[in-house]
Each structure stands twice: as structure tokens, then as C-alpha cells.
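Structure first, commentary second.
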Amino acid sequence: MRIIVITGMSGSGKSTAVRALEDEGYYCIDNLPVRLFKRFVDLIEKSGESFKGIVLVADIRGREFLKGYESAFQKIRAAGNSIEILFFDALDETLVRRFSETRRRHPVDEQCSVIDGIHIERERLSGLRQMATRLIDTSEFNVHQLKDYVLRIVRGDTGVNPFSVEVQSFGFRYGIPMESSIVMDVRFIPNPFFVPELKELSGLDDTVRIHCGQTPDCRIYRLFFSDA
């Protein structure tokens, strides 16, 4: 089973990576005590559920429960599983800015400043950083770029990022669908409903499609979008 451990600095984008991998089909669990990693892996293997792999998050929030990760990783490898450790990091000034934007306190200590918390966190996570199979600096990434980068890592350099388009027909009298990204208003096309021989048909019928396609306005509309 493919096991990915996500760790690193607070504010470096670990949550974004977890959400991307969850959408990719991985079973993700956040802030589980390190000592329970092996037990959790065993539980997933015995469940019979089909997952691409497991994503485990280990970071400073674990506090005392973070200790013993070397032994936990060794037990998982001894059972025949491979572990990839992705360590997420960013420049100090980038982390400070992100904490300022979200107005969150640093998880190290509610009494210390953000920059002091960052320094303490770097020291406590130094061992995990040294064990990492890949270091990911997110200083220059936005959310979308980071998501794409993480997916390229897990899929491989030749992996294809699927692009899906859902086309939905609707009536304005019922309101625009909330999930719409682009709305095309085609009410300028003559309505076949008012053509007696087409009134009882739907847009799924070839006769209706041919009728609409032959109208001048519809031909101009199709020409415009085909050129775009």
C-alpha cells in the first residue's frame, strides 16, 4: 500500500495538499498520534476498502504525541509498505504573512509571537525534515499551483491532470444553477416550442437540433465559439 506522510511547517500548505490527495482517492487522516500510525495502516488493510493509498499528517500539533516517529515509520516499512515523506516549508516572511492573513495564532504556543513560534517549530521538526523523501518549498505557490504540483508528484511526471466539463441545460424561470461557472444565454435563438410541429419534441430530438442549427443567429453563435 502506498503511504504518504505529510509534514512540515504550519502555514506551508499542508491542508491544501491533503485536500488535493483526498480528491485524488487517498484516505487522509490529519493529526493522528504517530504511535497509532501502524495500527491505523493495519486497520485500513484489513477493511478491504479500495484506496489509492493512505495520507498521514504529522506536524507540530501532535506535541508529545509526535515523538517516536522513527520507530513508527520503521514498523510500517517492516510490514512491507513504502513510505513517502513530504516536508512542506516556506520562507519565514511568507509564513508570517500567511498567519497575518488568516489571523491565526501559531500552534506552538499561544503566548509567543508568530516568528518565535516558527523558529521553535523548525527546531522541533528538524528530524522529520532530514528524513523527508521530498522537500517542497511553497513560498512562491498559490493554492492552485500547489495543488497541481502535489498531484504531479503523486501521479508522476507523466501523469495527466483530467479536465472535465459538465454542460447543463436550464430554464431561466427556475433560476440559474448555483454551481455554474459559465452561463450562456441563448434566448436570442428562435424558440422551437412555438413551431407547431416541434412543440411536443425536446432538444434531444434530431429534428429540433437541425431546426435550431439552421437559424442564422445560431450559426453565428457556433462560429464565434468555434473560433474562440
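Each value in this text was obtained by applying a stated rule to the coordinates, not by laboratory testing. Bear in mind that the values here come from a model prediction, so they are computed numbers and not experimental data. Note that we place each Cβ from the backbone using ideal geometry, even for glycine, and neighbour counts take in every protein chain shown.
A count restricted to the stretch 70-90 and to residues that are of a type outside the set (A, V, I, L, M) and without any contact (Cβ under 8 Å) to a residue 60 or more places away in the chain stands at 5. Annotation: of all residues in the stretch 41-52 being in contact (Cβ under 8 Å) with a residue 12 or more places away in the chain and assigned to a loop (DSSP other than H, G, I, E, B), the one that is surrounded by the fewest Cβ atoms within 10 Å (Cβ to Cβ) is 49.
Pairs are defined by a Cβ separation below 6 Å, a sequence spacing of at least 6 or placement on different chains, a first member in the stretch 14-40 that is within 15 Å of residue 58 (Cβ to Cβ), and a second member that is of a type in the set (Phe, Trp, Tyr) and crowded, with 18+ Cβ neighbours inside 10 Å; the pairs so defined are 14/88; 34/69.
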